[in-house]
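The values are calculated or read from the model by the stated rules, or taken from the named source; none is laboratory data. Bear in mind the structure is a predicted one, so any value in this text is a computation, not a measurement. Neighbour counts run over all protein chains shown; Cβ positions are idealised from the backbone, glycine included.
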Amino acid sequence: MKKIDLLKITVFLIFLGRAWQHLFWDAPYRTFFWDEALLKPIVEGWFNVSWTEYATSSNTDAFVQLFIRSKGILYLLAAICTLLISKLNNKRLFRIPIFLGGISLIILSILLTKEKFYHVAQFFEHSIQFGLPFVFLYTLKENYRESKGVFIIKILIAITFFSHGLYAFGAYPVPGKFVDMVINILGCSESIAITLLYIAGILDFILAVLIFIPKVAKYALIYAVIWGLLTALARIAANFYLDFPLQSLHQNLYEVIYRLPHGLVPLIVLLRVKINLKNK
């Protein structure tokens, strides 16, 4: 498989997973639309509506739901355009939804950060997801330089894994869902789960450095591929119930889909490293 094909598939998965989430489930836009400190002056000053009336109105909730679904349509359109676009078929009609989808992913990451008390790592943990659509568009340009593209992808990998490691390491409060997933999959105690996450966090920090060191980058990338895929698949492995198989898949598979790139993106770089070694 060519690198550009794998990159295309990876960007497609990011948009597809987010489209599934927004079309069928929820997204953190209420953290903005129901932010009293931010919007109360606008709601009461511009629209002459009390904040209580605005916040409790069924029309407001319906608007937020419609907004979330419209975002889902944008992501779905971006996913389709990602499959259709190429250097030979590089139409503006295809580029615009991908670009807007990338911008929307940045906004989504900001809202997720706001929802998590503005933890900076929460934003940068999504670097691969919101950065890759723009890398993909860059590869379609006439002046595209592969060495520059690969270096940018390495930066996205390093930032994503380092930020994820901050949570696993305990620099921020360790998310309960991380602990629960380890317990559900391995059947271990909570203390062991926290220790394993601590070790994983340290390895994430090391990985963020080693991928930039030529002699060991290949091995770091292999680890990143394996760990990235495992953490993505853990979303379904830890939350799959035989009594409700279809419902379990519907509730959790979209998280797997948009996180698979955390393992596929290092694979893109790994393929490039192998090619370089063969050419020497």
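Step by step: first the residues of the range 116-162, then only those that are exposed (fewer than 15 other Cβ atoms within 10 Å of the Cβ) and under 25 Å from G176 (Cβ atoms), then the one that is nearest to the chain's Cα centre (by Cα). Which residue is that?
V120
Pick out the one residue from L108, L100, L74 that is surrounded by fewer than 17 Cβ atoms within 10 Å (Cβ to Cβ) and not basic (K, R).
On the way: L108 fails: surrounded by fewer than 17 Cβ atoms within 10 Å (Cβ to Cβ); L74 fails: surrounded by fewer than 17 Cβ atoms within 10 Å (Cβ to Cβ).
Criteria check complete, one pass: L100.
Mind checking which residues of the range 240-270 are touching a residue at least 60 places away in the same chain (Cβ under 8 Å) and either more than 19 Å from I128 (Cα to Cα) or exposed (fewer than 15 other Cβ atoms within 10 Å of the Cβ) (or both)?
H250, Q251
From the set of residues in the range 6-48 that are of a type in the set (F, W, Y) and assigned to a helix (DSSP H, G or I), which is farthest from N59 (Cα to Cα)?
Among them, the one singled out is F12.
Go through the range 140-186 residue by residue and tally those that are of a type in the set (D, E), touching a residue at least 12 places away in the same chain (Cβ under 8 Å) and part of a loop (DSSP other than H, G, I, E, B).
Selection size over the range 140-186: 0.
Find the residue count for the range 163-181, including only residues that are at pLDDT below 95, within 17 Å of the chain's Cα centre (by Cα) and not hydrophobic (A, V, I, L, M, F, W, C).
2
Whether any residue in the range 81-101 is touching a Lys or Arg at 6+ places or on another chain (Cβ under 7 Å), without any contact (Cβ under 8 Å) to a residue 60 or more places away in the chain and in a helix (DSSP H, G or I) is what I want to check.
There is no residue in the range 81-101 that is touching a Lys or Arg at 6+ places or on another chain (Cβ under 7 Å), without any contact (Cβ under 8 Å) to a residue 60 or more places away in the chain and in a helix (DSSP H, G or I).
Restricting attention to the range 105-119, and to residues there that are free of Cβ contacts under 8 Å to residues at least 40 places away in the same chain and in a helix (DSSP H, G or I), which single residue is farthest from I9 (Cα to Cα)?
Across the range 105-119, the extreme among qualifying residues is T113.
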